[in-house]
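Remarks on the structure that follows.
Taken together, the values in this text are just the output of simple stated rules run on the coordinates, not laboratory data. From a predicted model like this one, the values you see are computed outputs, not experimental measurements. Here the Cβ is made from the backbone with ideal geometry for all residues, glycine too, and neighbour counts use every protein chain on show.
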C-alpha cells in the first residue's frame, strides 16, 4: 500500500495477471541527463491530472525543478511542484489539469542549461493513486 508519505508491504499477492511489458519512453536533454518513463499499456505518454512524482536513477538527486506547461504555449506554466527527497508534490492551491488534453512536463537538472521536456496527455487517475515514477540518468 502506498500513501503520500509512506508505504507498507506484507508480502501477500492480491492478484496477478500477465501482460505485455510496459513501454519505456526515453527522453534526452541537451546535457548529460536523460529521463526514462515507464508506462503500462500505451505508447502515448499519459500522466495523471494531479501527478505526484518520485524521481529515481543515478541523477535523481540532481533534479532542481519540475513544472507542467501548455503544449501549444510552452512559455505558460500551469503547474509547479515542491521538491524534497527526490519527490515532487504539487504546490498548494494548484488546479488539476484537464483530462484528455496535451501538456508538457519540464524537468530541470542541476548543471544542465535546458530542461528535459516530455509531451503527455493528462488522464484521470485510476483508483486512489496519481503516483508517477520517473528515472533520471
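Please go through region 95-137 and pick out each residue that is over 23 Å from residue 59 (Cα atoms) and either in contact (Cβ under 8 Å) with a residue 40 or more places away in the chain or not in a loop (DSSP other than H, G, I, E, B) (or both). Lay out the reasoning, then the answer.
From region 95-137, those over 23 Å from residue 59 (Cα atoms) are 95-103, 121-129; that's our starting set.
If the condition is that a residue be over 23 Å from residue 59 (Cα atoms) and either in contact (Cβ under 8 Å) with a residue 40 or more places away in the chain or not in a loop (DSSP other than H, G, I, E, B) (or both), then 96, 97, 98, 99, 102, 103, 121, 122, 123, 124, 125, 129 are the ones that fit.
Suppose we filter region 78-94 for residues that are assigned to a strand (DSSP E or B) and either surrounded by 15 or more Cβ atoms within 10 Å (Cβ to Cβ) or touching a strand residue (DSSP E or B) at 6+ places or on another chain (Cβ under 8 Å) (or both); how many remain? Before you say what the answer is, go through the steps one by one.
Restricting attention to region 78-94, the residues satisfying the condition of being assigned to a strand (DSSP E or B) are 78-84, 87-90.
If we keep only those that are either surrounded by 15 or more Cβ atoms within 10 Å (Cβ to Cβ) or touching a strand residue (DSSP E or B) at 6+ places or on another chain (Cβ under 8 Å) (or both) as well, we get 78-83, 87-90.
Matching residues across region 78-94 total 10.
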